[in-house]
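Peer 1: Structure below; questions to follow.
The values are calculated or read from the model by the stated rules, or taken from the named source; none is laboratory data. Note that the structure is predicted; figures quoted are calculated from it, not measured. Cβ: placed from backbone, ideal geometry, glycine included. Neighbour counts: every protein chain shown. Note: areas computed on protein heavy atoms with side chains; ligands, DNA, RNA excluded. Shrake-Rupley method; radii C 1.70, N 1.55, O 1.52, S 1.80 Å.
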Amino acid sequence: PYTYKFNGRFYNESKVLYYEGLTPEKPVLLTNTYPANINAYKLQEDKGTIQIYDYDKCSFVAVAADNQDAEILSQHGFLFTPKSDLTALNVAKDYFKNTETGHRSVAEEVLSFRIQLSNNKESVASEVYIRYDELKDDAVDYASDAPKAFNGMIKVLPELYVMRYDKKWSGISIPDISKPIPLGVKMQVSNQVITFSISNVNMPYDIILEDRFAEKTYNLSAGEQCVVDDLVAGNCEGRFYIMLQENATDE
């Protein structure tokens, strides 16, 4: 009379992806945890609309109704809006494609940068992607702008987002470099030491962070750091702004 407790799933259960607790016609961020690509075209036809990540645009892009080659790459997230009668999604083996997995890098010629927010343990908590596109209309464009999907799983890490068009974004394209770019910070815990920094810069501009509460500015492009330890739990908005200035050393 022995009893065994198994951690995980049985082999036959791990063959398919199963998502439950979905709300019909409400988008949700899911992840393809299977080591194979999902046939996004077939899944969309049967189950609901899908947006997959486009590395060139750095945002989620809707799958066209006639795009039979569309696929959700292994270990990638995707935005899924269930059909009106769907509360659970069972991705059976028929939905997987027999193709090589992988992803592409963002084109180097795109004028862009990433701003990161780290906690006092120097682990990157969150980052946002900002791209300059002078041809883009000054309005929401879901082909190039990515809504912020808040994590909330790790309860101590702050999260960074861009405030624009009355929404919160993890990636945004700006058509005008002369306007300040408002940032927001969602703090899980009060009075953590946090640091702003930049990476993957491909812009001929100095990236200036303005702390309007402390009345200070920091040239992040020159290696200056903005370190803050007085934010309380919740959303901090209207304090931090990014400004792009002509690089004095650029000719």
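Peer 1: List the residues of segment 164-198 whose backbone N lies under 15 Å from a point placed 7 Å from the Cα of residue 247 along the Cα-to-Cβ direction.
Peer 2: The answer is 198.
Peer 1: While we're looking at this one, here's another question. Using a probe radius of 1.4 Å on heavy atoms only, what accessible surface per residue do you get for the chain? Whole Å² is fine. Don't jump to the answer; show the numbers that get you there.
Peer 2: Working: 14680 Å² over 251 residues.
Counting only protein heavy atoms, the per-residue value for the chain is 58 Å².
Peer 1: Further question: If all Cα-Cα distances of segment 21-72 are sorted into 5 Å bins from 0 onward, what percent lands in each bin, rounded to whole numbers?
Peer 2: Values per bin, smallest distances first: 4, 18, 29, 28, 17, 4, 0.
Peer 1: Quick one: which residues, 5+ away or cross-chain, put their amide H under 5 Å from the amide H of residue 71? H built at 1.01 Å from N.
Peer 2: Residues meeting the criterion, in which the H sits 1.01 Å from N, are 40.
Peer 1: In µm²/s, what is D for segment 158-229 at 20 °C and 1.002 mPa s, where D = kT/(6 pi eta Rh) by Stokes-Einstein and Rh is the Kirkwood radius from Cα pairs?
Peer 2: On the way: Rh = 13.7 Å.
Answer, rounded: 157 µm²/s.
Peer 1: Just the projected area, averaged over all directions, of the convex hull on the alpha carbon atoms of the chain: how many nm²? Each step should come with its number before you reach the end.
Peer 2: Numbers: hull surface 73.5 nm².
Taking a quarter of the hull surface, the average projection is 18.4 nm².
Peer 1: Shifting gears a bit: Give me the percent of DSSP beta bridges within the chain that run antiparallel, rounded to the nearest 5. Walk me through the numbers on the way to the answer.
Peer 2: Details: 62 of 66 bridges.
Just about 95 percent of them are antiparallel.
Peer 1: Rounded to the nearest 500 deg cm²/dmol, what is the calculated helix-only ellipticity per residue at 222 nm for the chain, with -39500 (n - 2.57) per DSSP H run of length n ≥ 4? Mind dumping the intermediate values first?
Peer 2: Working: 1 runs with 8 residues, N = 251.
Rounded to the nearest 500, it is -1000 deg cm²/dmol.
Peer 1: Given a 1.4 angstrom probe, I'd like the percentage of the accessible area of the chain that is carbon and sulfur, rounded to a whole number.
Peer 2: Working: 6890 of 14680 Å².
Summing carbon and sulfur atoms, their accessible area is 47 percent of the total for the chain.
Peer 1: Mind listing the phi-derived Karplus ³J(HN,Hα) values for segment 134-148, rounded to whole Hz, using 6.51, -1.76 and 1.60 with θ = phi - 60°, and x for any glycine or proline?
Peer 2: For segment 134-148, the Karplus-derived couplings read 5, 8, 7, 5, 7, 7, 5, 9, 6, 7, 10, 10, 10, x, 6 Hz, x marking Gly and Pro.
Peer 1: With a cut-off of at most 16 other beta carbons within 10 Å, and DSSP calling the residue loop, which GluC sites (Glu not before Pro) in segment 134-240 qualify? Please list them. Don't skip to the answer; put the middle values down first.
Peer 2: On the way: sites: 134, 159, 210, 215, 224, 237; in loops: 134, 215, 224.
Counting only loop positions with at most 16 other Cβ atoms within 10 Å, the GluC sites (Glu not before Pro) in segment 134-240 are 134, 215, 224.
Peer 1: Okay, next question. Per residue Cα convex hull volume for segment 112-237, in cubic angstrom?
Peer 2: Working: hull volume 13.6 nm³, N = 126.
Per-residue hull volume (Cα only) is 108 Å³.
Peer 1: Using a 10 Å Cβ count of at most 10 others and DSSP loop calls, identify the longest part of the chain lacking such trypsin sites (Lys or Arg not before Pro). Present the calculation step by step, with values, prior to reporting the outcome.
Peer 2: Details: sites that count: 5, 9, 104, 121, 155.
Longest gap between qualifying sites, sites excluded: 156-251.
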